[in-house]
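One structure is given below, encoded as structure tokens.
The values are calculated or read from the model by the stated rules, or taken from the named source; none is laboratory data. Here the structure is a predicted model, which is why all the values come from computation and not from measurement. Counting neighbours? That spans all protein chains shown, and the Cβs are built from the backbone with ideal geometry, glycine included.
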Amino acid sequence: MRHQGGPDPAGRARRLDPRRIRTAEGSKALSISIEPIDLRYLGLPGAIACWLCRGDGRAVLIEAGPARSMEQLSSGLAEHGLAIEELDACLVTHIHLDHAGAAGHLAERGVPIHVHEFGVRHLVDPSKLLSSATRIYGAAMDTLWGETIPAPEAMVHPVLDGQELVFGPLRFRAIETPGHARHHHVFELDLGDESVCFSGDAAAMLLPNTDFISIPTPPPEFNLQAWKETIHRLRNGSWSRLHLTHGGSVEASSDHLSRLETELEEQVEWIRAWSEEGIDRRELHSRYRQALIERARACEIDDQTFDSYASEHLLGMNISGIQRWLGQQEQESDG
């Protein structure tokens, strides 16, 4: 695996400084810090991170992470001198279990949760969310995600497109970004002389310390056209960096978004072509994995590392999500 210890001359993904990321010096720069909290999900560095934003005694967490990672989240915050109860808020980009599975636990400990308006009811009553996830993960649910609990209704606040969320000097703006999920926001943070964007899954995922883009296309809401429109929106944003939930941070001026769009289009075409051949699910899964492994090898990622981060569950989920979207497109064209 190719490691990138500093800024890449091409502006591509780089390894996060585990200590601190600060705003650049400048006459308008605010005194705000942005800290990655690596949850080391399933023992994998960089697989899932929350982002801790602090300024003038206020502290806001971006993403709650999965319920099974509560201990890692608590210890990660403690390394920065904070207890969970001292957080002013948690902003979740969407309600999938790797991003919001711990929301109920945080809310139970007094942390207000801010989420897309469509996601509120699923955090208050996660039964449908868990049922949908169980269809994908089956008996591995508890091992992968831990105990997801309901959040008290009074602690969950709906967020609308364009809404500002202000906590002292921390000024966030929610931006509607569907494609991966219908209920997805990214959050722009104003740093005074620049801004950054916390992109959730809208800018997909990176295998940490590499340029390999991993796309999550889950059923039932993956939508290629909506995601391409989201990429256009991200590309036209004024932010200097995209902070991903999975895999690190990239410069907004890099080729990451263009490569993501190409990757989405090509993977949808793979699944379309293989499905039209009439091959069985096992063979389709095998071809998909092999195609991705070949791309990972080109990024100097060994097969074992690829399989650790791009699990069988993820690949199967991607196939199901793309096939569902293709089926919807076919129905619409027939109608």
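Taking the criterion of being buried (at least 23 other Cβ atoms within 10 Å of the Cβ) and either of a type in the set (Val, Ile, Thr) or assigned to a loop (DSSP other than H, G, I, E, B) (or both), the only residue of the stretch 232-245 that qualifies is Thr245. Starting from residues that are among the hydrophobic types (A, V, I, L, M, F, W, C) and without any contact (Cβ under 8 Å) to a residue 60 or more places away in the chain, keep the ones in the stretch 176-203 and report whichever is surrounded by the most Cβ atoms within 10 Å (Cβ to Cβ). My answer is Ala203. Given the criteria out of contact with any Phe, Trp or Tyr (no Cβ under 7 Å at 6 or more places or on another chain), in a helix (DSSP H, G or I) and modelled with pLDDT under 95, does Glu332 qualify? Yes. Against the definition (closer than 28 Å to Ile175 by Cα and either crowded, with 17+ Cβ neighbours inside 10 Å or not aliphatic (A, V, I, L, M) (or both)), how does Ile301 come out, yes or no? No, not satisfied. In the stretch 204-231, of all residues being in contact (Cβ under 8 Å) with a residue 60 or more places away in the chain and outside any loop (DSSP other than H, G, I, E, B), the one that is nearest to Arg295 (Cα to Cα) corresponds to Ser214.
Can you confirm whether the stretch 12-33 contains a residue that is modelled with pLDDT of 90 or more and surrounded by 14 or more Cβ atoms within 10 Å (Cβ to Cβ)? Looking through the stretch 12-33, at least one residue is modelled with pLDDT of 90 or more and surrounded by 14 or more Cβ atoms within 10 Å (Cβ to Cβ).
For first residues located in the stretch 144-164 and free of Cβ contacts under 8 Å to residues at least 60 places away in the same chain and closer than 30 Å to Ser311 by Cα, partners that are exposed (fewer than 15 other Cβ atoms within 10 Å of the Cβ) and among the small types (Gly, Ala, Ser) and lie 6+ apart or on another chain with Cβ distances below 9 Å form the pairs Pro150/Ser127. Of the set (1) out of contact with any Lys or Arg (no Cβ under 9 Å at 6 or more places or on another chain); (2) part of a helix (DSSP H, G or I); (3) within 23 Å of Tyr309 (Cα to Cα), all apply to Leu77 but (3). Among what's in the stretch 41-65 and is assigned to a loop (DSSP other than H, G, I, E, B) and in contact with a Ser or Thr (Cβ under 8 Å, 6 or more places away or on another chain), pick the residue that is nearest to Val166 (Cα to Cα). Filtering the stretch 41-65 for residues that are assigned to a loop (DSSP other than H, G, I, E, B) and in contact with a Ser or Thr (Cβ under 8 Å, 6 or more places away or on another chain), the one nearest to Val166 (Cα to Cα) comes out as Asp56. Among the residues of the stretch 283-310, the one identified as closer than 22 Å to Leu224 by Cα and outside any helix (DSSP H, G or I) is Ala310.
Per the listing Gly138, Gly146, the residue uniquely of a type in the set (Gly, Ala, Ser) and within 17 Å of Ala102 (Cα to Cα) is Gly146.
Residue by residue through the stretch 122-151, note down the ones that are among the polar types (S, T, N, Q) and within 12 Å of Arg68 (Cα to Cα). Result: Thr143, Thr148.
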